[in-house]
Amino acid sequence: MSSSESNSSVPRGNLAGFFEYARDDVRSGFLVFLIALPLCLGISLACGYPPIAGVFTAIIGGFVTPLLTNSELTIKGPAAGLIVVLAGCVSEFSGDGMSGGWAPIDQQAYRAALAIGFAAAILQIVFAAFRAGILGEFFPISVVHGMLAGIGVIICIKQLPIALGVSARGEPLEILTDLPHLLAEANPAIAMIGITSLIIMFAWPICTRPWPILCRVPAPIIVLLIAMPAGYGFDLLHEHSYYLQGHEYQLGEQFLVSMPKQIFGMFRDITLPNFAVLADPRAWKWAIIFFCIGSLESVLSAKAIDAVDPWKRRSSMDRDLFAVGVGNLFASLLGGLPMISEIVRSKANIDNGGKTRFANFWHAIFLLLCVAIIPTFLHLIPLAALAAMLVYTGFRLTHPTEFIHIYRIGREQLAIFVTTMVMVVVTDLLVGVLIGVILKVSLHLANGVPLRSLFKPYLEVEDVSGHTSLIRARDSAVFSNWIPFRRQIEQVGLVQKRNLIIDLSGVQLVDDSVLEKLEEMREAFELEGLGFDVRGLDSLIPMSDNVLSTRKRTLGQMKRLTIMAPSAVAEHLIEEFFERGVTGYTITECKGGGRESADGPLLQRARSVRLEVLVPTIKAAALIEFLRSEILPEFMATICLETVEVLCSSDFD
């Protein structure tokens, strides 16, 4: 297939693509809508906004962003990763959402948050216009994952009481400390709905494995199919009480999601920001946090979706950030939450066969029709069911596999990951991320990274042929100097359409974040039909066996195996050693003996050889076992094993 034919078969979100792929995009948009509806409601409630606000966000995201972005498969909308930020902002202005009823102070805090969201949207648009989408590249991977894990822990802690039918206020650690009391005070009817919903969220993916067709039915829909009849059975539409084991419990509409009471009533819930709050310095603190965290999550999600795009299409991060900023501008003006490129719904879009960015548009159409026409039906959704969905989402953000994955990259990365996660939970998001970055920088300095190269890469560029250039890095290649490093790679390679060789043999340290981003650059060069070769890593010692492990210039530990044996067995030993992975040896002829031959003439003593090999520790164990089982029973030999340090240990792998 020719390049032009291949390109013509790639779905594009233009006018022709709108009609050509309409069937696939409508189907995927509908299935994504089924996932998005309960999550939009739940996330909005968890943020302290009215539930309809999350739907406003997804609708605006679907209508506005497809016209501005070239990201074909991302779904824009509210995300669980922003819950901690938005809820903290609402709390800063004395609101607590609907947990204690919607009071005037909650409305004021909501309007203040809208104004702050508007300011953050302006920042996103300005930064995107100045091509600052690359700033998302600054943060180290272990810090970002630690931040998301901390967010996941907070979501679980704060949503669990709602799933049990009790109210809990305070910081996450306070709620966690009070958890035994909250469990004892749980409303049994509501807790039954919440716990059943939680079990379904965890069990449904497992139960559907034998029947792949059932995988197309999202777990949140199964939860609603069970929870809504249960809420109706408990008569949550009417205030009443019931007794269980001598304890009185209250039931009523406070346990149901609040929705407009009539068709098209959603338009009456459109709320304008209170821009006067921007005169308060606290507002700008939260605007910057909105901007930083929202932009970072959105860029990371868009990059993750690009990585699994079946057609290997690449999004402009600046253009996508601009689209998200414009979407947030409209969302804030109409009463919505901030939006990002949301990873879960975007992945569902791919799995359901979405082809272009108009799947996002169709999912917004279905949301609009549903909320506008059947709001009274949505009012039957129990809050406990939505809370259970968010507990599951929070658990996935802090899944044990995340710890295992980070540990395999390196123990120092796990320390950064855990530190960031804990500090996000016990302090706040910004402080937690800052501490994680400081710890990462401190470890780099401790590993010998020169202070001068911490934020500035030292690069030498030369042309090695008519179509190939070489970039030689000095001192360090780490997360904090990656952005100018990347710009140089793009300028020399992608802009000038040249093959590129990256030589890292001269650096003191290259960290895991840069290694992962270099792999991303390799894919970008391959898509352009260009070569991209990274050299010099063999001269650096990895901190773990993982391919993305941080590497530094240091002496590597090896095992030196020395064997004194008869000359007759030397050739056999060398052959066996090579078969067992030895890369080289040294051999010296010598004479020697034991006490039995000490009295004989020196020249008549047995001829021997001294054989030395250097091997990694894991190979040394196998060689020792071979010598013990096959050589020592037949020949008299002396065997020594010692640990030594060598300059280029990778030469012996």
Failed condition for Thr401, given (1) surrounded by fewer than 19 Cβ atoms within 10 Å (Cβ to Cβ); (2) of a type in the set (Val, Ile, Thr); (3) touching a residue at least 12 places away in the same chain (Cβ under 8 Å), with all others met? (3)
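Residues checked against (1) of a type outside the set (Val, Ile, Thr); (2) at pLDDT 95 or above; (3) buried (at least 20 other Cβ atoms within 10 Å of the Cβ):
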residue	(1), (2), (3)
Pro260	yes, no, no
Asp269	yes, no, no
Leu272	yes, yes, no
Ala279	yes, yes, no
Lys285	yes, no, no
Leu296	yes, no, yes
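Looking at this structure, is Thr643 of a type outside the set (D, E, K, R), at pLDDT below 85 and within 24 Å of Gln557 (Cβ to Cβ)? Walk me through how you get there before you give the answer.
Numbers: of a type outside the set (D, E, K, R): yes; at pLDDT below 85: no; within 24 Å of Gln557 (Cβ to Cβ): yes.
Considered against the rule, which asks whether it is of a type outside the set (D, E, K, R), at pLDDT below 85 and within 24 Å of Gln557 (Cβ to Cβ), Thr643 comes out as no.
Out of everything in segment 184-230 that is assigned to a helix (DSSP H, G or I) and in contact with a Phe, Trp or Tyr (Cβ under 7 Å, 6 or more places away or on another chain), what residue ends up being surrounded by the most Cβ atoms within 10 Å (Cβ to Cβ)?
Going through segment 184-230, the residues assigned to a helix (DSSP H, G or I) turn out to be 184, 188-207, 212-216, 219-230.
Among the residues that remain, those that are also in contact with a Phe, Trp or Tyr (Cβ under 7 Å, 6 or more places away or on another chain) are: 188-190, 198, 201-202, 219, 222.
Numbers: Pro188: 13, Ala189: 23, Ile190: 27, Leu198: 22, Met201: 22, Phe202: 14, Ala219: 21, Ile222: 18.
Ranking the candidates gives Ile190 first.
Going by what's in this entry, would Val26 be described as modelled with pLDDT of 95 or more, within 19 Å of Arg357 (Cβ to Cβ) and open to solvent by 10 Å² or more (accessible area, probe 1.4 Å)? Quick ask: steps written out before the conclusion?
Working: modelled with pLDDT of 95 or more: yes; within 19 Å of Arg357 (Cβ to Cβ): yes; open to solvent by 10 Å² or more (accessible area, probe 1.4 Å): yes.
Criteria met by Val26.
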Only residues that are open to solvent by 40 Å² or more (accessible area, probe 1.4 Å), assigned to a helix (DSSP H, G or I) and without any contact (Cβ under 8 Å) to a residue 24 or more places away in the chain: list them for segment 162-178, please. Glu174, Leu176, Thr177
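Test of understanding: among Val433, Val464, Val422, which residue is touching a residue at least 40 places away in the same chain (Cβ under 8 Å), of a type in the set (A, V, I, L, M, F, W, C) and open to solvent by 60 Å² or more (accessible area, probe 1.4 Å)?
On the way: Val433 fails: open to solvent by 60 Å² or more (accessible area, probe 1.4 Å); Val464 fails: touching a residue at least 40 places away in the same chain (Cβ under 8 Å).
Sole residue among the options that is touching a residue at least 40 places away in the same chain (Cβ under 8 Å), of a type in the set (A, V, I, L, M, F, W, C) and open to solvent by 60 Å² or more (accessible area, probe 1.4 Å): Val422.
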What are the pairs with Cβ atoms under 8 angstrom where one residue, in segment 524-542, is without any contact (Cβ under 8 Å) to a residue 12 or more places away in the chain and the other, located anywhere, is crowded, with 18+ Cβ neighbours inside 10 Å? Sequence gap at least six, or different chains. Glu526/Phe532; Pro542/Ser549; Pro542/Thr550; Pro542/Arg551
Residue hits (segment 535-558; within 25 Å of Gly493 (Cα to Cα), hydrophobic (A, V, I, L, M, F, W, C) and surrounded by fewer than 17 Cβ atoms within 10 Å (Cβ to Cβ)) are Val547
Selection over segment 268-279 where residues are more than 17 Å from Gly327 (Cα to Cα), in contact (Cβ under 8 Å) with a residue 60 or more places away in the chain and not aliphatic (A, V, I, L, M) yields a count of 3
With the first residue restricted to segment 16-42 and required to be outside any helix (DSSP H, G or I), and the second required to be open to solvent by less than 50 Å² (accessible area, probe 1.4 Å), Cβ contacts under 9 Å at 6 or more apart or on different chains are Tyr21/Pro11; Tyr21/Gly13; Tyr21/Gly354; Tyr21/Lys355; Tyr21/Thr356; Tyr21/Phe358; Tyr21/Ala359
Among the candidates Val64, Val55, Val84, which residue alone is open to solvent by less than 10 Å² (accessible area, probe 1.4 Å) and of a type in the set (A, V, I, L, M)? Val55
Kindly provide the set of residues from segment 216-239 that are in contact (Cβ under 8 Å) with a residue 60 or more places away in the chain and not aliphatic (A, V, I, L, M), ordered by number. Arg216, Pro218, Pro220, Gly231, Tyr232
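In this structure, does Thr562 turn out to be touching a strand residue (DSSP E or B) at 6+ places or on another chain (Cβ under 6 Å) and among the polar types (S, T, N, Q)?
Details: touching a strand residue (DSSP E or B) at 6+ places or on another chain (Cβ under 6 Å): yes; among the polar types (S, T, N, Q): yes.
Spelling it out, Thr562 is indeed touching a strand residue (DSSP E or B) at 6+ places or on another chain (Cβ under 6 Å) and among the polar types (S, T, N, Q).
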Out of (1) farther than 25 Å from Thr427 by Cβ; (2) part of a helix (DSSP H, G or I); (3) open to solvent by 10 Å² or more (accessible area, probe 1.4 Å), the one Met98 does not meet is (2)
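Name the residues in segment 454-484 that are of a type in the set (S, T, N, Q) and over 27 Å from the mean Cα position of the chain (by Cα), would you?
Pass one, segment 454-484, residues of a type in the set (S, T, N, Q): 465, 468-469, 476, 480-481.
Correct list: Ser465, Thr468, Ser469.
From Tyr243, Tyr249, grab the single residue that is modelled with pLDDT of 90 or more and open to solvent by less than 80 Å² (accessible area, probe 1.4 Å). Before you say what the answer is, go through the steps one by one.
Values: Tyr243 fails: open to solvent by less than 80 Å² (accessible area, probe 1.4 Å).
Going through Tyr243, Tyr249 in turn, just one is modelled with pLDDT of 90 or more and open to solvent by less than 80 Å² (accessible area, probe 1.4 Å): Tyr249.
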In segment 307-320, how many are touching a helix residue (DSSP H, G or I) at 6+ places or on another chain (Cβ under 9 Å), more than 16 Å from Val126 (Cα to Cα) and not hydroxyl-bearing (Ser, Thr, Tyr)? 7
Based on this model, can you work out whether Leu414 counts as in contact with a helix residue (DSSP H, G or I) (Cβ under 7 Å, 6 or more places away or on another chain), in a helix (DSSP H, G or I) and open to solvent by less than 60 Å² (accessible area, probe 1.4 Å)? yes
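Hey, can you tell me all the residues within segment 429-457 that are of a type in the set (Ser, Thr, Tyr) and at pLDDT 95 or above? Walk me through how you get there before you give the answer.
Of segment 429-457, the ones of a type in the set (Ser, Thr, Tyr) are 442, 453.
Passing the criteria: only Ser442.
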Return the total of residues in segment 35-51 being more than 12 Å from Leu386 (Cβ to Cβ) and open to solvent by 10 Å² or more (accessible area, probe 1.4 Å). 2
Can you name every residue in segment 331-390 that is among the β-branched types (Val, Ile, Thr), open to solvent by 10 Å² or more (accessible area, probe 1.4 Å) and modelled with pLDDT of 95 or more? Ile365
What number goes with the only condition from (1) under 30 Å from Val510 (Cα atoms); (2) modelled with pLDDT of 95 or more; (3) not aromatic (Phe, Trp, Tyr) that Arg411 does not pass? (2)
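The values are calculated or read from the model by the stated rules, or taken from the named source; none is laboratory data. Not measured: the values here are computed from a predicted model. Note: ideal-geometry Cβ built from the backbone for every residue, glycine included; neighbour counts use all protein chains shown. Remember, those area values only see protein heavy atoms, side chains included, never the ligands or the DNA or RNA. Shrake-Rupley method; radii C 1.70, N 1.55, O 1.52, S 1.80 Å.
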